[in-house]
Each structure stands twice: as C-alpha cells, then as structure tokens.
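See structure below.
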Amino acid sequence: MAREFTMLSQAMMAALFVCCLYQGFYTLLTLFKKPRYPAAECKRRYAVLVCARNEQAVLPELLKSIRAQDYPKGADIYVAADNCTDATAAVARAGGAVCFERFDKQHVGKGYALDYLLHRIWALGRRYDGYFVFDADNLLSPDFIRQMDSAFSSSCPIVTGYRNSKNYKGWIAGGYALCFIREARYLNAARMMLGTSCTVTGTGFLVSEGILREAGGWPWHLLCEDFQFSAEQILAGRRIGYCADAEFFDEQPETLAASIPQRMRWCKGFMQVVSRYGAAMARSALRGNFACADILLCNMPMILFSALSLLFAAAASILSGHPAALLSTAATMAAGSYCSLLGMGMLAGITEWKHIHASIGQKLASFFTFPLYMATYLPIALAACFAK
C-alpha cells in the first residue's frame, strides 16, 4: 500500500510540473513583448459602476480619478450605496456620481448590488456601449478609459486592465501585488497573443451592454461572481480581452488576519464555479476550447496538486514504517517550491519594476517573502474544502 501512495504522490508532482511548465511557456512568450491595440476614435459612450458599502473614506479619490480621464466623451458614474451606515451616498453625489441607495439584508453581495444598479440605470432609459466595474478603493491612470476603448474596439466585448496595487507595504500586501502584476504581465498578455481568453478578477474591467442586456442584468451571485461570469462567457465562446496599457490601482489587505477571509472566499468560490461548470468546461476543452482548459489549469490545481502530493507522501511514509522519510519529502518539496516561487516573484518584480510604487528595499524584500505568501494558500485552500 505504501508503494501505491508513493506513486500517487509522484503523479501529483508530475501534474504540478506540467502546470508550471505550461505557465513557463506563457512567460517566455511575453518576456519581450506585450499586446498592443490600434488607437480608437473615442466615440463610444461608457458608464462606470461602483458598488460601495461604507466607503466614504476612499470613494472620493476614485471619483476624482474618473473625472480626470482624458477620454473625450467622459463617462457617466453610477454608485450603489449598498447597505451603508455612513455618508457614502452623500460623498458619491458630491463627487459627481448618480447614487442609488440599496437596503437589502437578504441578498447580500457585490453581484446583487451590480444587478440592482443596472436595473435602476435601465429604468431611466439610458443606454451605453459598455460598463466599467470598479471597487470604491480603486484609482485609475489618466488614460485608462481611452486605452480600454482601443481594446474594446478591437472585437473584445469584455476587457480587463492591468491591475496594480496602491499599497506595497509588508509581505501580505506585497504578495498580493506580485500575484496581480504577474497575472497581468505573464498570463493575460500571453493569452491575448495566443488568441485565447483571459478572466476578469473582480474589478477594473469593461463589458458590453449587449452581454448584460442578454443576461438580464448581473445574474452571477456565487462567492466569486467574477470567476462565474468569466466561466459562462468562455463557455459561450466569447473572448475576454486584456489591455496592458490600461493601468488601475487596487488596495490590498496588509495583515494575514485580514487576508485569510478574503482568500478563503476566493478558494471556496473557485470550488463553487468548478462544481457548477467544471464538467461542461472539461467537455469544451476536449472539443478544442483551449480557454476552458486554461481557466481550469491556471487556478487551484497548483495548490491542490501540492497538497495531495504531500498527503500521499505522508501516508506512504507512515505505512512503510519510515516516518522520517516524510520530513525529507516535505523538505525537498518546500525547497523546490520556495526557489520556484522566488524566481517567479523576482521575474515579475524586475520586469515590472517601474510599475511598482515602493522603495527599493520594499521591492527586494517582497521577492523573498512572496513564496511565504503563496505558501499560506495551502492551509487556506484545504480549509476551504470543508468550510461553509
């Protein structure tokens, strides 16, 4: 029996290697080039959707950055003050947004707030070419909308931007930042160059009104409604584009205590989406839809394969009567994982050095703590398997 568990552990390590190799190809593909779009005529009308719950402190800066856009036609701003107990609604209106207040304790979550906001806009009889979705703590580069318009004009009905971080303080916030920067630079850029689809990640994306009208609003309400939305669009054969020159900034948790619930929700949400759409995506992948295979391979599998390999190795060591072998296996895996993740973090940080707004010391420190940040995903993902 110990031999069988050893073989299973090795199989999981082989699967992990395949995932790493596959992403390594992405890295080589985009190391010296990034996708570009021809400049558009800036004739489309856009609306900005912001769902805010008790965000009076950060919302004004977002609204200011939207009003400062160099897009000639500007963009109408709509805010859903969702179950707020502070002055978010007043701050939104003072910042030039149309604000609708929503109070619903039964249907809680960003997806429900987005759906409410869309229906209020449509009830006014207003139409747009597309809608941007932002969180209240985001900031936009001055040319964000103009750059996204160029990608949107190039037959991409959904476009996501270059997600950067406002705060790069400490190993948790730095870990988040490197993850998002790496996803933009080495995953999404490669997908665009290969002609496949990206995924949207919560904020900083643009979607055509036609898609939302067809869906009847925003009907995606799983824990990771953005991932659910992406899965359905990819299954429908729609391409989610990426604009490397459309940079926006997001605020990250700075402590492990604040980070764990958020990432637990992400892991659980991924499981929900795979449970609901995984079989259909696997079938589509076997029929040649590479985007479906990509969305499945690029997320949880690395963490899952690592955890399973370690568990199978532990079982083999116990059954063989040599528990010390487990320590050797675990140490080998830990060292290999640390070196691999260190390389990934350093590559992303060095190539995107100018985009990271932090001191040299903070940047260098984040390279070495990035593997530790990623390691915390392992217990979080395992706990998400059993959490409700």
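The values are calculated or read from the model by the stated rules, or taken from the named source; none is laboratory data. Keep in mind the model is a prediction, meaning the values are calculated, not measured. Here the Cβ is made from the backbone with ideal geometry for all residues, glycine too, and neighbour counts use every protein chain on show. Accessible surface areas use protein heavy atoms only, side chains included; no ligands, DNA or RNA. Shrake-Rupley method; radii C 1.70, N 1.55, O 1.52, S 1.80 Å.
Some notes on this structure:
- Residue ID - nearest to the chain's Cα centre (by Cα), chosen from residues in the range 213-267 that are over 24 Å from D137 (Cα atoms) and in a helix (DSSP H, G or I): A231
- Of the residues making up the range 338-388, those that are in a helix (DSSP H, G or I), out of contact with any helix residue (DSSP H, G or I) (no Cβ under 7 Å at 6 or more places or on another chain) and closer than 24 Å to S309 by Cα number 4.
- Any hit, the range 217-233, residues being free of Cβ contacts under 8 Å to residues at least 24 places away in the same chain and surrounded by fewer than 18 Cβ atoms within 10 Å (Cβ to Cβ): no
- The number of residues in the range 25-35 being open to solvent by 30 Å² or more (accessible area, probe 1.4 Å) and either at pLDDT 80 or above or part of a helix (DSSP H, G or I) (or both) comes to 4.
- Meets criteria (touching a strand residue (DSSP E or B) at 6+ places or on another chain (Cβ under 7 Å) and surrounded by fewer than 18 Cβ atoms within 10 Å (Cβ to Cβ)) for E41: no
- Residue within the range 177-191 that is within 17 Å of the chain's Cα centre (by Cα), closer than 19 Å to S65 by Cβ and surrounded by 24 or more Cβ atoms within 10 Å (Cβ to Cβ) present: yes
- Number of the condition not met by T255 [criteria: (1) hydroxyl-bearing (S, T, Y); (2) surrounded by fewer than 18 Cβ atoms within 10 Å (Cβ to Cβ); (3) modelled with pLDDT under 90]: (3)
- Of the strands (runs of 3 or more DSSP E) contained entirely in the range 52-162, those carrying at least 2 residues that are free of Cβ contacts under 8 Å to residues at least 40 places away in the same chain fall at 76-82, 98-102.
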